[in-house]
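Here is the structure we will look at, set down as structure tokens.
The values are calculated or read from the model by the stated rules, or taken from the named source; none is laboratory data. Everything numeric in this text was worked out from a predicted model, so none of it was measured. Here the Cβ is made from the backbone with ideal geometry for all residues, glycine too, and neighbour counts use every protein chain on show. Heavy atoms of the whole protein, side chains included, go into the accessibility calculation; ligands, DNA and RNA do not. Shrake-Rupley method; radii C 1.70, N 1.55, O 1.52, S 1.80 Å.
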Amino acid sequence: MRKSKRYNEALTKRDEDKKYSVDEAVKILKSMPHAKFDETLEVSTKLGADPKQSDQMIRGSVVLPNGTGKTVKVLVFCESEKEKEAKEAGADHIGSESVIDKILKEGWTDFDCCISTPAMMRMVSKLGKFLGPRGLMPSPKTGTVTENVAYAIKEAKRGKIDFRMDKLGCVHVGVGKISFTEEALKENVQAFVDALIAVRPQSVKGDYLKSIYISTTISPSVRLNITA
């Protein structure tokens, strides 16, 4: 596949065989030529966990100190008496049976975060096969199944991201926009790495972080010098 002139120029900014500190890697990405849109800074990690083992499934969440740089749309499933609370906290959509049908029949996903009260999960569980692979299924582990919907909504709006290991043992997340300052990007990357290390299962032996790279939406990746 032929690479663009911009991509080839970006390649000259980093050494493919070198591992960099977070500070160095962010500086390199900021120095690369960028697209006309505000690219997302992405973190891609290969873990030393076995996704086939239930006790080694990696899942968690973290509130990025400088947000994600995007407007987060929140869908909330809650009892009628909590709807006013949810709307006042900033919920963009309030879930119902009709919303579930819309998701299942039309593939509607005009939301970035789905929150549910425990009592509503019996109904929301119908969406598991659809929302699960997309990382949108509410879960107690990520704080998106809760009685305190207002708090969960506010956390989502101010930069909370959920992460989950895929079937290949990898985790991919967006942690901000390339237009952020170097310091803001560094803080967001480090916050995610710290959160990922914090959820390491005791059953995982040896290297936990096999490799970790950061890149922008369409840039070459830069490998980080982080081990755990």
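Results for (1) within 16 Å of MET137 (Cβ to Cβ); (2) in contact with a Pro (Cβ under 8 Å, 6 or more places away or on another chain), shown as yes or no for each residue.
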{"position": "PRO65", "(1), (2)": "no, no"}
{"position": "PHE77", "(1), (2)": "yes, yes"}
{"position": "GLU81", "(1), (2)": "no, no"}
{"position": "VAL99", "(1), (2)": "yes, no"}
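Could you tell me which numbered condition ILE218 fails, if it satisfies all but one of (1) assigned to a strand (DSSP E or B); (2) surrounded by fewer than 21 Cβ atoms within 10 Å (Cβ to Cβ); (3) among the β-branched types (Val, Ile, Thr)?
The failed condition is (1).
Scan the stretch 7-28 for residues that are of a type outside the set (Val, Ile, Thr), under 23 Å from the mean Cα position of the chain (by Cα), open to solvent by less than 80 Å² (accessible area, probe 1.4 Å) and over 17 Å from SER211 (Cβ atoms) and report the count.
Adding up the residues that qualify gives 1.
Take the residues of the stretch 43-89 that are hydroxyl-bearing (Ser, Thr, Tyr), modelled with pLDDT under 95 and touching a Lys or Arg at 6+ places or on another chain (Cβ under 9 Å): which is most open to solvent (accessible area, probe 1.4 Å)? Lay out the reasoning, then the answer.
Filtering the stretch 43-89 for residues hydroxyl-bearing (Ser, Thr, Tyr) gives 44-45, 54, 61, 68, 71, 80.
Subsequent filtering for residues that are modelled with pLDDT under 95 retains 54, 61, 68, 71, 80.
From what is left, the residues that are touching a Lys or Arg at 6+ places or on another chain (Cβ under 9 Å) are 61, 68, 71.
Details: SER61: 42, THR68: 20, THR71: 118 Å².
Taking the candidates together, the pick is THR71.
Hey, can you tell me all the residues within the stretch 100-149 that are in a helix (DSSP H, G or I), buried (at least 19 other Cβ atoms within 10 Å of the Cβ) and touching a residue at least 40 places away in the same chain (Cβ under 8 Å)?
MET120, VAL124, THR142, VAL149
Assess whether ARG158 counts as being free of Cβ contacts under 8 Å to residues at least 12 places away in the same chain, over 21 Å from MET57 (Cα atoms) and open to solvent by 40 Å² or more (accessible area, probe 1.4 Å). Steps first, answer last, please.
Numbers: free of Cβ contacts under 8 Å to residues at least 12 places away in the same chain: no; over 21 Å from MET57 (Cα atoms): yes; open to solvent by 40 Å² or more (accessible area, probe 1.4 Å): yes.
Criteria not met by ARG158.
Please work out if ALA25 is modelled with pLDDT of 95 or more, part of a loop (DSSP other than H, G, I, E, B) and not polar (S, T, N, Q). If you could, list the steps in order and put the result at the bottom.
Values: modelled with pLDDT of 95 or more: yes; part of a loop (DSSP other than H, G, I, E, B): no; not polar (S, T, N, Q): yes.
Here the answer is no, as ALA25 does not meet what is asked.
Could we say that VAL63 is touching a Leu at 6+ places or on another chain (Cβ under 8 Å) and either without any contact (Cβ under 8 Å) to a residue 12 or more places away in the chain or closer than 21 Å to VAL175 by Cβ (or both) here? Full working, then the answer.
Numbers: touching a Leu at 6+ places or on another chain (Cβ under 8 Å): no; either without any contact (Cβ under 8 Å) to a residue 12 or more places away in the chain or closer than 21 Å to VAL175 by Cβ (or both): yes.
So VAL63 does not fit the description; no.
With LEU168, LEU185 as the choices, which residue is within 30 Å of ALA35 (Cα to Cα) and open to solvent by 70 Å² or more (accessible area, probe 1.4 Å)?
Just a single option satisfies the conditions, and that option is LEU168.
Which of the residues spanning the stretch 16-31 are touching a strand residue (DSSP E or B) at 6+ places or on another chain (Cβ under 9 Å) and over 22 Å from LEU64 (Cβ atoms)?
Within the stretch 16-31, GLU16, ASP17, LYS18, LYS19 meet the criteria.
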